[in-house]
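Structure record follows, encoded as structure tokens.
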Amino acid sequence: MSDKEQKEKIDDTPKISVTDAEPKKRNSANRKTRRSKGSIGDTNLEAPERVSNKISPTRKIDPFSNLLDEDDADAKCRRSALRDGDVKKGKSTVIVYHHSMEQVAKEMKDLFPEIFRLVPVSWNTFADGWPNINISTADVNALTKHSVYQVVYLGAFDKPANLFEQFAVIHAIPKFVGVRNFKIICPWFPTGTMERVEHLGEIATARSFANILDRTPMSQSGPATITIFDIHALQSQFYFSDNVLVELKSAIFLLRQHLAERDDHDDIAICFPDDGAAKRFKPKFTEYPLLVCMKVRVGEERVIKVHEGEPEGKHCVIVDDLVQTGGTLISCAKALQAAGAKKISCYVTHAIFPNESWKKFVKAKEEGLIDSFFFVDTIPDTKNLADIEPFKVFSIAPLLCHQLMKYRRD
């Protein structure tokens with residue numbers, strides 16, 4: 001072969017430069033990185049809504065919305081879990097729960113019997129009144145099995161008398177050898193309304209509560225994750241240190257699901273009782289007309305007026321994170337009624353109702369002011385209102401299932 005022919009043969013050889021190959025490797029690495037990202041430290045407030053905003057409000061908002069239906073809901077949810085491979089891989093989630101949250105824990109177990117295992121705690125007291133708490137040896141062994149993906153404590157922090165015993169359990173669980181991925185569900189952050197100090201001597205109990213949870217020991221996989229639903233003051237999350245991971249979630253999805261299935265869906269308008277609620281919840285209701293109420297001074301009094309939006313002929317649903325005495329919601333409802341609203345309902349995630357203040361809304365129903373009052377069972381005792389008009393109670397169990405399954409998939 002001549003020198004010329006050898007040179008032509010060399011020139012015809014495909015040339016692959018380093019710069020041509022690197023982007024492919026880099027893109028592949030990026031894809032792996034994107035797939036492996038988790039949500040342990042996710043503080044996004046609207047996990048389910050991220051799906052729901054892309055779907056017409058007249059349709060099911062999320063595959064997990066089937067959990068709110070009857071008949072074949074359980075089968076559909078189990079098929080969803082099987083698609084994700086959770087059951088096939090033998091993964092399980094152990095739920096340790098406070099006795100006041102037993103009904104919610106059992107609802108979760110009924111929805112995903114192949115995945116959730118319930119571990120009861122013996123909540124007794126000694127003769128002197130101090131807690132005598134016990135988890136059986138068999139159940140402790142269940143917490144530490146290799147097949148257990150995560151251990152979840154489902155708490156109820158609505159009563160000061162129940163706090164110490166729960167903190168004792170929370171601080172003990174991660175110390176059991178073999179416990180991985182410890183997660184604390186805090187449906188209601190009870191001291192959220194006391195997050196700031198306005199004068200010397202005032203105690204910000206939100207910080208105190210956060211400091212106690214901060215002392216939760218690490219499990220084998222690292223810091224515990226604390227999930228809080230619709231915390232009153234978003235800045236309270238900064239009271240926690242780096243010893244724990246905080247997830248702020250919202251139960252608004254349950255209301256969105258209900259409204260999407262109502263016959264009067266097209267007549268609904270969402271109303272916020274103040275500017276704070278509007279800033280917080282407006283992004284979650286982009287498919288509805290929005291109204292905002294505000295306190296204004298009339299002579300020597302401060303009264304609530306409709307500040308933004310047109311309620312005439314609408315079914316106005318007042319949305320806020322919590323209710324205590326209910327004065328603000330009642331005043332807002334009266335303002336909407338005076339402005340021509342056809343029907344008025346209320347929604348809060350946390351129905352606190354101290355001193356039986358819920359009776360105000362029973363009276364408001366009788367007077368034709370309030371049509372329905374929706375809330376979530378984040379506070380166990382409020383379930384007793386389910387059979388009293390105008391109250392409609394949403395179970396938090398399907399939403400907790402959604403969050404825990406999403407956590408596992410991520």
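The values are calculated or read from the model by the stated rules, or taken from the named source; none is laboratory data. Note that the structure is a prediction, hence the values are computed from the model and not measured. Cβ placement follows ideal geometry from the backbone for every residue including glycine, while neighbour counts extend to all protein chains displayed.
Below, the figures for the structure above:
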{"read-out": "Filter result (in a helix (DSSP H, G or I) and buried (at least 18 other Cβ atoms within 10 Å of the Cβ)) within region 259-281", "value": "Leu259, Ala260, Ala277, Ala278, Arg280, Phe281"}
{"read-out": "Conditions (1) under 28 Å from Gln237 (Cβ atoms); (2) of a type in the set (Phe, Trp, Tyr); (3) assigned to a strand (DSSP E or B); (4) in contact with a Pro (Cβ under 8 Å, 6 or more places away or on another chain); number of the one not met by Trp123", "value": "(1)"}
{"read-out": "Matching residues in region 282-302 - criterion: being under 24 Å from the mean Cα position of the chain (by Cα) and exposed (fewer than 14 other Cβ atoms within 10 Å of the Cβ)", "value": "Pro283, Thr286"}
{"read-out": "Any hit, region 146-156, residues being under 22 Å from the mean Cα position of the chain (by Cα), farther than 25 Å from Asp214 by Cα, modelled with pLDDT under 95 and not in a loop (DSSP other than H, G, I, E, B)", "value": "no"}
{"read-out": "Some residue of region 268-276 being closer than 25 Å to Pro398 by Cα and either at pLDDT 95 or above or in contact with a helix residue (DSSP H, G or I) (Cβ under 6 Å, 6 or more places away or on another chain) (or both)", "value": "yes"}
{"read-out": "The one condition in (1) closer than 24 Å to Pro283 by Cα; (2) assigned to a helix (DSSP H, G or I); (3) hydroxyl-bearing (Ser, Thr, Tyr); (4) in contact with a strand residue (DSSP E or B) (Cβ under 6 Å, 6 or more places away or on another chain) that Thr328 fails to fulfil", "value": "(4)"}
{"read-out": "Count - residues of region 175-188 that are modelled with pLDDT under 95 and of a type outside the set (D, E, K, R)", "value": "5"}
{"read-out": "Count of residues meeting criterion [touching a helix residue (DSSP H, G or I) at 6+ places or on another chain (Cβ under 7 Å) and crowded, with 18+ Cβ neighbours inside 10 Å] in region 174-189", "value": "5"}
{"read-out": "Matching residues in region 225-258 - criterion: being within 17 Å of the chain's Cα centre (by Cα), of a type in the set (A, V, I, L, M) and in a loop (DSSP other than H, G, I, E, B)", "value": "Ile231, Ala233, Ala251"}
{"read-out": "Residue identified as buried (at least 19 other Cβ atoms within 10 Å of the Cβ) and within 19 Å of Thr225 (Cα to Cα) among Ile95, Ile115", "value": "Ile95"}
{"read-out": "Matching residues in region 204-240 - criterion: being free of Cβ contacts under 8 Å to residues at least 60 places away in the same chain, buried (at least 19 other Cβ atoms within 10 Å of the Cβ) and among the hydroxyl-bearing types (Ser, Thr, Tyr)", "value": "Thr216, Ser236, Tyr239"}
{"read-out": "Matching residues in region 359-391 - criterion: being in contact with a strand residue (DSSP E or B) (Cβ under 8 Å, 6 or more places away or on another chain) and in contact (Cβ under 8 Å) with a residue 60 or more places away in the chain", "value": "Phe374, Val376, Asp377, Thr378, Ile379, Lys383"}
{"read-out": "Count of region 353-395 residues which are part of a strand (DSSP E or B) and surrounded by fewer than 17 Cβ atoms within 10 Å (Cβ to Cβ)", "value": "1"}
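A quick yes/no check of all residues on (1) buried (at least 24 other Cβ atoms within 10 Å of the Cβ); (2) at pLDDT 95 or above; (3) part of a strand (DSSP E or B):
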site	(1), (2), (3)
Ile304	no, no, yes
His307	no, no, yes
Glu312	no, yes, no
Leu322	no, yes, yes
Cys332	yes, yes, no
Gln337	no, yes, no
Gly340	no, yes, no
Tyr347	yes, yes, yes
